[in-house]
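J.: Before anything else, here's the structure in question.
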Amino acid sequence: MQSNDLQEIALALRTARTNRQPIDAPIKNWPGLDADSAFKVQQITVDHAVSNGDRMVGYKLGNIAKAMQDAFGLDKPDYGFLLASTFAYEGTSLSLDQYIEPFVELEPAFVLRGNLRGPNVTVADVINAIDYAIPAIEIIDSRVKNWEIGLADTLADNGSTGSVLLGGTPRRLTDLNLSNTRGTVRFNDREVMAGNTKNILGNPISAVAWLINRLAAYDIEFKAGQVIMPGSCLQAVPMKKGHWSCTYEGWGTVEFDVV
């Protein structure tokens, strides 16, 4: 695709985010959009944000669990950049009006102490590079009407990023069993969804290795201090006004209110 096409797509999605007015799937108006060109749109979006005072603080992987792929009609994972402006504080109130059609996901998050660059990064490499893990919430929110997305659409939309909330209970990997930790989402003190970290490619560490090796095709290096979100352990839940409490058993809880 031509550079001006990529700029137009990035502007359309950026405007949709700012105005909270969704647009048609980009692939409808730009049929030449594929995964590689959609990633270039992401990079344009991030460069624009950083040039306006934001910070790029990590990366995310989405739709890695079969439950998520089934829910949104995708058969491949998506991925995107994490910007500091999208992070919210645990315990604060989020306004539903700042989103278009948001969903709540429970994920582990990892903070790196070492750099990683693919290809051929192994699970052992990832384990050695992780400083600690923390329970986290990702609120996904598509700028595409009715979530009618294909892979290229959600990639161009930076993996349908919305907001991220990090919990306050960091743990070393040796203190966790990430291949079998149950997670639950409660809304107004009622359980509305449950899952397990094993749904994230068997173990979320494997998902991180997959992401690093995938982004090696774009010469991306993961750096110490960055946050890595490997995907949800359960099917995303439509976000509504009320109190949300999201827990990994034996690990920690992230709570927030929506007003």
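The values are calculated or read from the model by the stated rules, or taken from the named source; none is laboratory data. Owing to the predicted nature of the structure, the values given are computational and were not obtained by experimental measurement. We place every Cβ from the backbone using ideal geometry, glycine too, and count neighbours over all the protein chains shown. Surface accessibility is based on the protein's heavy atoms, side chains included, excluding ligands, DNA and RNA. Shrake-Rupley method; radii C 1.70, N 1.55, O 1.52, S 1.80 Å.
To keep it simple, each residue is scored yes or no on (1) of a type outside the set (S, T, N, Q); (2) open to solvent by less than 20 Å² (accessible area, probe 1.4 Å); (3) in contact with a Leu (Cβ under 7 Å, 6 or more places away or on another chain); (4) not in a strand (DSSP E or B).
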residue	(1), (2), (3), (4)
103	yes, no, no, no
125	yes, no, yes, yes
128	no, no, no, yes
131	yes, no, yes, no
140	yes, yes, no, no
153	yes, yes, no, yes
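J.: Failed condition for residue 229, given (1) open to solvent by 10 Å² or more (accessible area, probe 1.4 Å); (2) touching a Lys or Arg at 6+ places or on another chain (Cβ under 6 Å), with all others met?
T.: (1)
Here is a yes/no grid of residues against (1) in contact with a Gly (Cβ under 6 Å, 6 or more places away or on another chain); (2) hydroxyl-bearing (Ser, Thr, Tyr):
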residue: 195; (1), (2): yes, no
residue: 205; (1), (2): no, no
residue: 208; (1), (2): no, no
residue: 218; (1), (2): no, yes
residue: 230; (1), (2): no, no
residue: 248; (1), (2): yes, yes
residue: 254; (1), (2): yes, no
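J.: Going by what's in this entry, would residue 136 be described as under 18 Å from residue 64 (Cβ atoms), open to solvent by less than 50 Å² (accessible area, probe 1.4 Å) and not in a strand (DSSP E or B)? Can you show your working first?
T.: Details: under 18 Å from residue 64 (Cβ atoms): yes; open to solvent by less than 50 Å² (accessible area, probe 1.4 Å): yes; not in a strand (DSSP E or B): no.
Taking the combined requirement at face value, the residue does not satisfy it.
J.: Follow-up. Can you say whether residue 77 is open to solvent by less than 70 Å² (accessible area, probe 1.4 Å), modelled with pLDDT of 95 or more and not charged (D, E, K, R), as far as the supplied structure shows? Lay out the reasoning, then the answer.
T.: Values: open to solvent by less than 70 Å² (accessible area, probe 1.4 Å): yes; modelled with pLDDT of 95 or more: no; not charged (D, E, K, R): yes.
Criteria not met by residue 77.
J.: Next question. What are the pairs with Cβ atoms under 6 angstrom where one residue, in region 180-202, is in contact (Cβ under 8 Å) with a residue 12 or more places away in the chain and the other, located anywhere, is of a type in the set (Asp, Glu)? Sequence gap at least six, or different chains.
T.: Every condition considered, the pairs that remain are 182/249; 184/191.
J.: Would you mind listing the strands (runs of 3 or more DSSP E) fully within region 178-259 where at least 1 residues are polar (S, T, N, Q) and at pLDDT 95 or above?
T.: Details: elements: 182-187, 190-196, 227-229, 242-248, 252-258.
Where strands (runs of 3 or more DSSP E) fall fully within region 178-259 and carry at least 1 residues being polar (S, T, N, Q) and at pLDDT 95 or above, they are 182-187, 190-196, 242-248, 252-258.
J.: Further question on the same structure: May I ask you to verify whether residue 149 is assigned to a strand (DSSP E or B) and either within 16 Å of the chain's Cα centre (by Cα) or at pLDDT below 95 (or both)? Talk me through it step by step, then tell me what you get.
T.: Details: assigned to a strand (DSSP E or B): no; either within 16 Å of the chain's Cα centre (by Cα) or at pLDDT below 95 (or both): yes.
In short, no.
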